[in-house]
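Contents: one structure, followed by commentary.
The values are calculated or read from the model by the stated rules, or taken from the named source; none is laboratory data. Every value quoted in this text rests on a predicted model; they were computed, and no experiment measured them. A quick note on method: Cβ atoms are made from the backbone with ideal geometry, for glycine too, and the neighbour counts reach across all protein chains shown. Please note that ligands, DNA and RNA were not included when accessible areas were found on the heavy atoms of the full protein model with its side chains. Shrake-Rupley method; radii C 1.70, N 1.55, O 1.52, S 1.80 Å.
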Amino acid sequence: MTSGTVVEGSVWVGELASDRPYKLLIDGEFVDAEDGQTFQCEYPFTGELWGQAPLASAGDVDRAVRAARRAFDYGWGQSKPIERATLLRRLRDLVIRDAENLGLLQVHENGKLLSEMGQTGFGLARLADFMAGLAESTHGYTSPSNLDKMVSYTLREPIGVVAAITPWNSPLGLLAWKLFPALAAGNTIVIKPSEVTPLSTLRLGELCVEAGFPRGVVNVVTGYGNPTGAALVEHPLVDKIAFTGSTATGQAIAKVAAGRTARVSLELGGKSPNIIFDDADLDLAVGGVMAGIFSASGQTCMAGSRILVQRSISDEFFDRLATRINALKLGDPLDSSSQISPVASRAQLAKVLSYIDIAKNEGAEALTGGGRADAPELANGFFVKPTIFLNVTNDARIAREEVFGPVGAVIRFDDEDDAARIANDTIYGLAGAIWTENLRRAHRMIPRVRGGTIWVNNYRIGEYTRPFGGFKQSGLGREQGIDALHEYTENKSVFIDLGNQMRF
Ligand code: NAD
């Protein structure tokens, strides 16, 4: 097995080389789209066009999938754990080397604060290291068989060709959750990043080649959901689809996959409850509400978008919350003093503003925000004022549908039963938080809130050793932790007859 060629001058320091060429990665080669088409990125802080990515056709996707199939069938599928672990650790070193640039690239793609995106490279490195360790410690099990003269054990084997389809809100983090366990388990992969954030993924593809992954093991095709993403999902040689994005797209993909029983894992939307009890540390909880709904300008699947506040403390809580929110600084994502970034695209801005109108028309009252930022220095950016709506009931659209922006809906509750009922009255089940100083209350509530992650007196904490994923329509399967590796393996049972017992 040989590795491809590294693009000359691909390591650029301190500036965004928007004029440098980005190419598809197919079968270890960096190539243009077959028909030469490209599309551009837009910087959400200024609205300027910069950087350009190849627009992969169905033909490009087919070549990438066939390359991944060959690489799996004739090499990587039988590779040694130490080979995979070594390459993952080399990749770890390269993402640490390029952490600054990977962070900057993502900021320019999706407008998130550098203070948030700048850490991505180090997060990637830790996960790569962890998955490298798991590559060498993946095992089946053996136990005494109930059958006579029979040895039996299980093996965990790679699934084959994986298609990874990712969204724009955390392009490299959410890709790493798929790429690293897929490679650690011995799969090959074709990646299709969001059309909003193609370049950071193409860059990570270059680092995979530089790390020495054999040709065809990692492939990257960039383009829109249709035709690029659809061609990948429909390809008969793809064995598994790992998807993060909206619930509607995930469900459509799962239907296509069901037609050939392809494996699917889905990380989808959320409408997570952030529950503040009257015995909470209120200042801490105010910070938790803001972190829940304003981090990444609310563009996280785990956003605490339904803020459940116990009625007895609600007025005092709203006063403290409004004071803190009104002091937030919206600004340049590269400025470390900025606290709120623009949303990621023109389309997302329109979507968020339309939900603000819907909420107002439904009778919600804006405690803070309630529209596009009006400061002249922010005029070109896709800024939405941090918005909290009061007077919301849980059947309002603003409480039921995912906005994916800095817009929270407050719902008051009376007691634990009421909080649990409202928290679970949703199609989603991704996460939730409980704010209380009462340990017994916390333990009573943890099992009552239906979600893949529950925080107590915190919000948005995660760790690469712990599984992440959704209950209900928030998803299928888990990412991170050892569970993630299992999502990329088949389980095989083996029986060896020691007694010539075959009769017919
Ligand atoms: P999206 O569903 O529109 O797109 C996600 C990806 O799917 C993109 O790469 C897109 O090009 C591709 N795609 C679209 N249609 C396709 C099709 N028919 N076939 C194949 N691929 C297709 O979502 P988005 O707007 O990029 O991301 C925002 C959504 O993602 C939010 O709803 C959010 O909740 C969700 N999200 C979930 C998680 C999680 O871990 N649960 C994390 C981040 C984002």
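Things to note:
- Test: residue 500 is free of Cβ contacts under 8 Å to residues at least 24 places away in the same chain, at positive phi and more than 16 Å from the chain's Cα centre (by Cα): yes
- 3 or more residues under 19 Å from residue 88 (Cα atoms) and open to solvent by 10 Å² or more (accessible area, probe 1.4 Å): qualifying helices (runs of 4 or more DSSP H) within region 98-140: 120-137
- Some residue of region 240-255 being more than 14 Å from residue 267 (Cα to Cα), open to solvent by 10 Å² or more (accessible area, probe 1.4 Å) and free of Cβ contacts under 8 Å to residues at least 24 places away in the same chain: yes
- Residue within region 459-468 that is away from the ligand (no atom under 16 Å from the Cβ), among the hydroxyl-bearing types (Ser, Thr, Tyr) and over 24 Å from the mean Cα position of the chain (by Cα) present: no
- Condition met for residue 372 (under 28 Å from residue 451 (Cα atoms) and of a type in the set (D, E, K, R)): no
- Only one entry of 220, 190, 286 meets the criterion of being more than 11 Å from the ligand (Cβ to nearest atom) and under 30 Å from residue 436 (Cα atoms), and that entry is 286.
- If you go through region 73-128 and keep only what is within 24 Å of residue 481 (Cα to Cα) and polar (S, T, N, Q), you end up with 78, 79, 86, 119, 120.
- Qualifying residue in region 415-423 (condition: within 16 Å of the ligand (Cβ to nearest atom), open to solvent by less than 20 Å² (accessible area, probe 1.4 Å), of a type in the set (A, V, I, L, M) and not in a loop (DSSP other than H, G, I, E, B)): no
- So residue 212, is it open to solvent by 10 Å² or more (accessible area, probe 1.4 Å), in the same structural domain as residue 90 (by TED's automatic domain parsing) and near the ligand (Cβ under 8 Å from one of its atoms): no
- If you go through region 354-408 and keep only what is outside any helix (DSSP H, G or I) and within 16 Å of the ligand (Cβ to nearest atom), you end up with 382, 384, 401, 402, 403, 404, 405, 406, 407, 408.
- Looking across 438, 394, 458, one residue alone is surrounded by fewer than 16 Cβ atoms within 10 Å (Cβ to Cβ), under 30 Å from residue 351 (Cα atoms) and in contact (Cβ under 8 Å) with a residue 60 or more places away in the chain. It is 458.
- Of all residues in region 442-455 being open to solvent by less than 70 Å² (accessible area, probe 1.4 Å) and in contact with a helix residue (DSSP H, G or I) (Cβ under 7 Å, 6 or more places away or on another chain), the one that is nearest to residue 243 (Cα to Cα): 454
- Residue-level analysis places residue 179 outside the set of residues that are closer than 16 Å to residue 242 by Cβ, within 15 Å of the ligand (Cβ to nearest atom), open to solvent by 10 Å² or more (accessible area, probe 1.4 Å) and touching a residue at least 24 places away in the same chain (Cβ under 8 Å).
- Meets criteria (open to solvent by less than 40 Å² (accessible area, probe 1.4 Å), under 17 Å from residue 207 (Cα atoms) and either touching a strand residue (DSSP E or B) at 6+ places or on another chain (Cβ under 8 Å) or among the polar types (S, T, N, Q) (or both)) for residue 159: no
- Criterion violated by residue 274 - all others in (1) assigned to a strand (DSSP E or B); (2) buried (at least 24 other Cβ atoms within 10 Å of the Cβ); (3) within 14 Å of the ligand (Cβ to nearest atom) satisfied: (3)
- On the stretch given as region 236-264, residues that are within 12 Å of the chain's Cα centre (by Cα) and of a type in the set (Gly, Ala, Ser) total 3.
- Screening region 41-70 for residues that are among the small types (Gly, Ala, Ser) and in contact with a Cys (Cβ under 9 Å, 6 or more places away or on another chain) and picking the one that is modelled with the highest pLDDT gives 53.
- Residue 491 satisfies every condition listed in (1) assigned to a loop (DSSP other than H, G, I, E, B); (2) open to solvent by 30 Å² or more (accessible area, probe 1.4 Å); (3) not aliphatic (A, V, I, L, M) except (1).
- Taken over region 228-270, the residue count meeting the criterion of being near the ligand (Cβ under 7 Å from one of its atoms) and acidic (Asp, Glu) is 1.
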